[in-house]
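**Q** Okay, handing you the structure first.
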Amino acid sequence: MIAYSCPQSLAYPPSKFACRSIRVSKTILIVYAHPEPTSLTRRFVTETVQILERQGQTVLQSDLYGMGWKATFDEHDFPNRINNDRLGFIQESQHAYATHQQTQDVAAEQDKLLAADAVIFHFPLWWFGMPAILKGWIDRVYAYGFAYGYKDEGNRYRYGDGILKGKRALLSVMVGGPAEDYSPRGINGPLEELLFPITHGALFFPGMDVLPTHAVYGTGKLSKVSVAKELAAWRLRLENLFNESPIPFRRQNGGEYQQNILADHIAMGKEGLTIHIDH
């Protein structure tokens, strides 16, 4: 990101041509899930790190397979339970977060999220969704009081508001099938609708500005030339990470919902996932 340092003697607003340009460093967290170091997913990760570091950005990484991330969300996530007779996830999550008794790995990932200005997720599309290890990262890191139940206000701060408000999120998804299969009339369904539980749910829910998904199709059959073209397209996305317009999801507290139902006069006669996007 470029900013300008200007002499105090200049008239306001000063011309940027009379000022010294300076690069403002951002912090980007990269969360990725693929066990094979030579995979296209991991190649994109490497490219992402190199590009962002050349830009002068601070890069944080969460290599879920490399970390040996615990994907299952269970009783071991709550070392000091308030009820040993029955495991209530919301109650135990709320207690552990509020009393700083979460497991160390979960607390470390939450700190990364809070430090980041943007979060990039790299993963392959497996059975129409994210790998289980990444779902487990969300299940465990998104504690009550952190990603939901923010400020102990129940559902008041969500879908555009929340602890991650103001941060950007971008999915980089490797898809084995051809683009036609994921087109609006494709047999697999539109990719953005398949990923809606992630973009609108896991990312927009706690307040993030979600950019349109970057997908690479037919990953098992790409030639070297095609891979090079895909990487070039990805570099352009990274160059505009903080300039690109996010998906215009409708905010819960933006006045368009009445008791969590979209008002009758908005998107009249329409139903389904896409009514929650302000086209």
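The values are calculated or read from the model by the stated rules, or taken from the named source; none is laboratory data. Because the structure is a prediction, the values reported are computed rather than measured. Heads up, the Cβs are rebuilt from the backbone with ideal geometry, glycines too, and the neighbour counts pull from every protein chain shown.
**Q** So residue 217 fits all but one of (1) assigned by TED's automatic domain parsing to the domain that holds residue 42; (2) within 30 Å of residue 154 (Cα to Cα); what number is the exception?
**A** That leaves (2) as the condition not met.
**Q** If I ask for residues that are closer than 25 Å to residue 38 by Cβ, touching a residue at least 60 places away in the same chain (Cβ under 8 Å) and outside any strand (DSSP E or B), which ones from the range 126-148 would you list?
**A** Of everything in the range 126-148, those that are closer than 25 Å to residue 38 by Cβ, touching a residue at least 60 places away in the same chain (Cβ under 8 Å) and outside any strand (DSSP E or B) turn out to be 128, 130, 131, 132, 133, 134, 135, 136, 137.
**Q** Could I ask something else about it? From the list 108, 115, exactly one residue is touching a residue at least 60 places away in the same chain (Cβ under 8 Å), of a type in the set (Gly, Ala, Ser), surrounded by fewer than 21 Cβ atoms within 10 Å (Cβ to Cβ) and within 21 Å of residue 45 (Cβ to Cβ). Which is it?
**A** Sole residue among the options that is touching a residue at least 60 places away in the same chain (Cβ under 8 Å), of a type in the set (Gly, Ala, Ser), surrounded by fewer than 21 Cβ atoms within 10 Å (Cβ to Cβ) and within 21 Å of residue 45 (Cβ to Cβ): 115.
**Q** Do we have residue 60 as out of contact with any Ser or Thr (no Cβ under 9 Å at 6 or more places or on another chain) and at pLDDT 95 or above here?
**A** Answer is no for this residue.
**Q** Read through the list (1) under 25 Å from residue 140 (Cα atoms); (2) at pLDDT 95 or above, then give the number of the only condition that residue 48 fails.
**A** (1)
**Q** I've got another one for you. Which residue out of 222, 241 is in the same structural domain as residue 171 (by TED's automatic domain parsing), touching a residue at least 24 places away in the same chain (Cβ under 8 Å) and surrounded by fewer than 19 Cβ atoms within 10 Å (Cβ to Cβ)?
**A** None of the other options fit; the residue is 222.
**Q** Let me ask another. Consider only pairs whose beta carbons are under 6 Å apart and that are at least six residues apart or on different chains; among these, list those whose first residue lies in the range 262-279 and is surrounded by 13 or more Cβ atoms within 10 Å (Cβ to Cβ) and whose second residue is aliphatic (A, V, I, L, M) and assigned to a strand (DSSP E or B).
**A** What qualifies is 275/262.
**Q** What's the number of the only condition in (1) among the basic types (Lys, Arg); (2) touching a helix residue (DSSP H, G or I) at 6+ places or on another chain (Cβ under 9 Å); (3) modelled with pLDDT of 95 or more that residue 165 fails to meet?
**A** Looking at each condition in turn, residue 165 falls short on (2).
**Q** Out of the helices (runs of 4 or more DSSP H) lying entirely within the range 46-115, which hold 1 or more residues that are among the charged types (D, E, K, R)?
**A** 89-98, 104-115
**Q** Take the range 210-232 and flag every residue that is assigned to a loop (DSSP other than H, G, I, E, B), under 25 Å from the mean Cα position of the chain (by Cα) and over 21 Å from residue 245 (Cα atoms).
**A** Of everything in the range 210-232, those that are assigned to a loop (DSSP other than H, G, I, E, B), under 25 Å from the mean Cα position of the chain (by Cα) and over 21 Å from residue 245 (Cα atoms) turn out to be 217, 218.
**Q** Same structure, new question: Need pairs with beta-carbon distance below 6 Å; first residue not assigned by TED's automatic domain parsing to the domain that holds residue 271 and within the range 190-206, second of a type outside the set (Ser, Thr, Tyr) and part of a loop (DSSP other than H, G, I, E, B); sequence gap 6+ or separate chains.
**A** 190/184; 194/128; 205/158; 206/147; 206/162; 206/163; 206/164
**Q** Determine the pairs where a residue that is part of a strand (DSSP E or B), located within the range 172-184, has a partner that is of a type in the set (Val, Ile, Thr) with Cβ atoms under 7 Å apart, the partner being 6 or more residues away or on another chain.
**A** The qualifying pairs are 172/120; 173/213; 174/41; 174/216; 174/219.
**Q** Only residues in the range 28-39 that are assigned by TED's automatic domain parsing to the domain that holds residue 169 and over 17 Å from residue 219 (Cα atoms) count as the first member; pair them with residues that are in a loop (DSSP other than H, G, I, E, B) and of a type in the set (Lys, Arg), Cβ under 7 angstrom, at least 6 apart or cross-chain, and list the lot.
**A** Hits for this filter: zero, empty list.
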